[in-house]
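Undergrad: One structure, as structure tokens, below. Some questions next.
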Amino acid sequence: MLVNLSANLIRELSQRLQALPEAEKAFLPHDCDIETLKSLLKQKDKHYYIYLDDSGKSTGYGMVRAWEGYDTPTLGCVIWPVHRRRGHGARLVSELISKAGELGYSSIKLKVSLKNEVAHRLYVRLGFEGTGEVAADGQIWMQRKTDKGPKDA
């Protein structure tokens, strides 16, 4: 379930994000300190940041980033290592796709490393397709339609 963040959840989110291995922090377009997170979470008109809470347990973090100057928002997410391979990633990504649709976008995109086979398979299973674009960091871009729109149609 996507939930709003209380001060305690922001503190926990900051700690969990800072504890991730450096390679996994690559999806983060921001710092992980509490003040940065508080500031970003107030900017819902530009970025939508969410937290996944499963029966009171923090299982991951995800965001739909509607960057200025881009027609299609991007998706970013991470599931905490202890909660992986239990369906949380599929649920979080599905909710993020729905959130992008609720925000009025007809599609959403992401980038993923082909070395991250588990994530790549998940995105394909959830309907993402490669765009043919390769990011400067070597990751590939993928995109899929939401069930809403047509903000970026």
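Undergrad: Where in the range 95-124 does the amide nitrogen come within less than 15 Å of the point 7 Å from the Cα of His83, taken along Cα to Cβ?
TA: Only 95-96 fall inside the zone, counting backbone N under 15 Å.
Undergrad: Run the numbers for Ala90 and Val124: contour at 0.36 nm per residue of separation, minus the present Cα-Cα distance, in nm.
TA: Contour length minus the Cα-Cα distance gives 11.1 nm.
Undergrad: How do Val82, Val134, Val64 line up, fewest other C-beta atoms within 10 Å first? Show your work: numbers first, answer last.
TA: On the way: Val82 8, Val134 13, Val64 25.
Arranged by neighbour count, lowest to highest, Val82, Val134, Val64 become Val82, Val134, Val64.
Undergrad: Taking every DSSP beta bridge with both residues inside the chain, roughly what % is antiparallel (nearest 5)?
TA: For the chain, the DSSP antiparallel bridge percentage is about 95.
Undergrad: Please give me, ordered by residue number, the trypsin sites (Lys or Arg not before Pro) of the range 96-153 that lie in loop per DSSP and have at most 11 other Cβ atoms within 10 Å.
TA: Numbers: sites: Lys99, Lys109, Lys111, Lys115, Arg121, Arg125, Arg144, Lys145, Lys148, Lys151; in loops: Lys115, Lys148, Lys151.
Taking the range 96-153 and a limit of 11 other Cβ atoms within 10 Å, the loop trypsin sites (Lys or Arg not before Pro) found are Lys115.
Undergrad: Turning to a different aspect of this structure: From the P(r) of the chain, can you give the percent of Cα pairs sitting at distances over 29 Å?
TA: Numbers: 1311 of 11628 pairs.
So the pairs more than 29 Å apart make up 11 percent of the total in the chain.
Undergrad: At 7 Å along Cα-to-Cβ for each site, give me the label-to-label distance between Thr131 and Ser39 in nm.
TA: 2.7
Values in this text are rule-based calculations from the coordinates and carry no lab data. On a predicted model such as this, the values are computed, not experimentally measured, just so you know. We place every Cβ from the backbone using ideal geometry, glycine too, and count neighbours over all the protein chains shown.
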